[in-house]
Amino acid sequence: MAVNIPMELLRSFVAIIDTGSMLQATERVFLTQSALSLQMRRLEDLVRQPLFNRQGRRLRLTPAGERLLRTARDILSLNDQVLAALQGQALSGSVRLGMNQDFAEIFLPGVLNEFITSYPEIQTQVRVGGSQELLDLLSNGQLDLVLCVRPEDDPKLLKTVPMGWFGHMHLLERDVLPLALLEPPCLFRAAALARLEASGRRFRVLVETASLSGIRAAVQAGLAITCRGPLFAEVAPLLPADALPSLSRAGYAIYDAPVPSPATSRLETLLRQAVLALN
């Protein structure tokens, strides 16, 4: 006998992950925290597997939870599209998206072009900037959605990726290592300086800029080495792991408004799928 998962359970499940906690999810699904807990127990009973690893107040998804999350987003998105089509309601309104420079060159011509083409009635605005700047704008109500790079312990992470050193090998022979870094605050900058200082490796910041294109130009010209995530591998060679002090990991995270509009939710789904598909 087929088992049907009620749509409201999937919607609550996704809301918990998107907001980072059951308490915050209550504002999105308009349920009490105890009611949400009961829903999640019912969902786990239906799928016959635990979905969360509970670590104090923090919730982490189990492997089964990760698989369900991907499917749940697709089901909810399809449900909303079917209803809108049958009711004659095209997605409309506006979405104000903020994203790091790391993602702009990948997602502006890809996901965002697809979104704008598919939903011409939606007014889409994109702001490219630093993570903290974008999160501040989201908190002040000036953005609806933010895709950014965060520390590996951030509860909103979609995935973690290794940080790496990028540049030309001949620069490693310098007594003082030349660096190209973004202006603070920058997660990669802080990690690079901390690891070099801890190891005693001498360095100087040769290029400091607010633009990732400036970092790219300096590294490609063989002037400096930088610390970035794997997306930078499209720009410059990744140095061997033992060439410089080892680095930690960073994460890709999506933040949205407490009660996102249907248009924002649709764009968020597309971005999540694209981020999870990145190598």
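Rule-based calculations on the coordinates, nothing more; no lab input. Keep in mind the model is a prediction, meaning the values are calculated, not measured. Cβ sites come from the backbone with ideal geometry, for glycine too, and all protein chains shown count toward neighbours.
Here are the numbers for the structure shown:
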| quantity | calculated |
| --- | --- |
| Footprinting exposure proxy for R28, R272 (fewest neighbouring C-beta atoms within 10 Å first) | R28, R272 |
| Coarse-grained scattering of the chain at q = 0.10 Å⁻¹, given as base-10 log I(q)/I(0) from a Debye sum over alpha-carbon atoms | -0.61 |
| Relative contact order %, the chain, counting alpha carbon pairs below 8 Å whose residues are six or more apart | 21 |
| Percent of alpha-carbon pairs separated by more than 20 Å within segment 164-247 | 20 |
| Per DSSP, loop chymotrypsin sites (Phe, Trp or Tyr not before Pro) in segment 88-135 with at most 10 further Cβ within 10 Å | none |
| Length released on extending from A257 to A210, taking residue separation times 0.36 nm less the Cα-Cα span | 14.3 nm |
| In sequence order, calculated HN-Hα J values of segment 9-15 (Karplus, 6.51, -1.76, 1.60; Hz; x Gly/Pro) | 5, 5, 5, 5, 4, 5, 4 |
| Modelled FRET efficiency - R0 45 Å, S34 with L278, Cβ distances, 0.05 increments | 0.75 |
| Spin-label zone in segment 148-183 - amide nitrogen under 19 Å from a point set 7 Å from the Cα of A104 along the C-beta vector | 148-150, 180-183 |
| Loop sites in segment 100-207: trypsin sites (Lys or Arg not before Pro), DSSP, at most 15 other Cβ within 10 Å | R174, R201, R202 |
| For A250, distant residues with modelled amide H under 5 Å away | V161, M163 |
| In order through segment 33-44: 3J(HN,Hα) via Karplus (6.51 cos²θ - 1.76 cosθ + 1.60), integer Hz, x for Gly, Pro | 5, 5, 5, 5, 4, 5, 4, 5, 5, 5, 5, 5 |
| Size of electric dipole in segment 165-234: Cβ of Lys, Arg +1 and of Asp, Glu -1, about Cα centre, debye, nearest 20 | 100 |
| Residue-averaged 222 nm ellipticity for the chain, from DSSP H runs of 4+ at -39500 (n - 2.57), nearest 500 | -13500 deg cm²/dmol |
| Volume in Å³ per residue [convex hull over Cα atoms, computed for segment 77-216] | 143 |
| Spin-label pair Q125/A2, simplified geometry with 7 Å Cα→Cβ offset, distance in nm | 4.5 |
